[in-house]
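The values are calculated or read from the model by the stated rules, or taken from the named source; none is laboratory data. Nothing here was measured: the structure is a model prediction, and the numbers come from that model. Glycine gets a Cβ as well: all are built from the backbone with ideal geometry, and neighbour counts include every protein chain shown.
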């Protein structure tokens with residue numbers, strides 16, 4: 001075996017070790033955040049009314065819809081790119097910031113018209129403006145999270161998740177208990193994003209952003225993200241259009257019931273799939289030049305996700321009637 005081959009094998013072994021450690025760290029953090037998230041969801045469901053959830057769910061739909069204009073696949077592209085110099089990072093940040101500000105401004109401008117279109121939701125316009133501001137902070141936090149993910153810094157990401165979850169679990173139920181209504185749900189979003197921003201920019205910051213522009217790099221980001229854009233937009237329509245339809249056709253109260261049912265139904269996916277995907281995405285990018293190891297890693301990840309997902313989903317479906325009766329209350 002040549003020296004170059006030995007170096008390559010050692011590099012692949014290090015990536016494998018990081019992937020295994022990252023999986024355990026991510027699953028451990030996921031166990032904490034899911035437990036806290038479940039507790040938070042139960043408390044908020046008991047403290048708030050269906051119409052509160054319905055209005056905020058509809059507002060989040062419009063904010064997410066505007067965010068699709070910046071769904072250029074920039075984060076995935078940066079993770080995929082093997083080498084990222086200062087020009088690449090600066091161009092990425094310029095694209096990210098420009099689309100982020102444009103989408104948030106679009107929500108703020110459209111908020112009064114949307115408020116008039118839904119007269120039964122008088123707070124909708126104000127909630128939209130508040131969530132648009134939260135989106136700006138979220139986008140800035142995502143820049144550092146992408147760099148952490150690219151560098152396989154799974155422990156830093158896991159700790160960020162835990163801190164954000166703890167913050168949300170304290171802030172949101174407290175606001176709901178004090179009678180803030182729908183604003184408690186806005187506070188849930190804002191507190192979690194601000195906690196993530198503090199962790200990623202003040203504690204784990206990997207790079208201090210600078211605005212730069214390199215035409216060839218910008219074109220590369222655009223072309224790489226074409227496939228991701230179509231997948232992301234289709235996924236958004238499949239996952240979120242029902243919120244718009246229920247809220248528009250039936251109103252905020254039915255949407256509140258629907259959003260709570262959907263929220264609890266997604267927990268099986270969150271338990272296994274989400275933490276493993278967050279780990280293996282960057283790992284796949286590192287292994288893109290080694291087809292055999294890439295295939296093996298993909299097979300193992302899919303094997304764990306599918307088998308565990310079916311098991312947890314089945315168990316969750318069996319206990320759901322008793323869960324509604326005993327935990328969140330017969331009013332639901």
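Odds and ends about this structure:
- Meets criteria (buried (at least 20 other Cβ atoms within 10 Å of the Cβ) and modelled with pLDDT of 95 or more) for residue 131: yes
- Of the residues making up region 293-301, at least one is in a helix (DSSP H, G or I) and either modelled with pLDDT of 80 or more or under 22 Å from the mean Cα position of the chain (by Cα) (or both).
- Test for residue 235: is it modelled with pLDDT under 70, closer than 30 Å to residue 150 by Cα and out of contact with any helix residue (DSSP H, G or I) (no Cβ under 7 Å at 6 or more places or on another chain): no
- Checked against the criterion of being surrounded by 17 or more Cβ atoms within 10 Å (Cβ to Cβ), within 23 Å of residue 221 (Cα to Cα) and over 15 Å from the mean Cα position of the chain (by Cα), the candidates 185, 147, 123 yield just one match: 147.
- Residue in region 249-265 that is at pLDDT 80 or above, surrounded by 14 or more Cβ atoms within 10 Å (Cβ to Cβ) and outside any helix (DSSP H, G or I) present: yes
- Residue count for region 92-138 under the criterion of being in a helix (DSSP H, G or I) and over 30 Å from residue 210 (Cβ atoms): the result is 13.
- Selected residue (only one of 195, 172, 164 is crowded, with 21+ Cβ neighbours inside 10 Å and under 14 Å from residue 45 (Cα atoms)): 172
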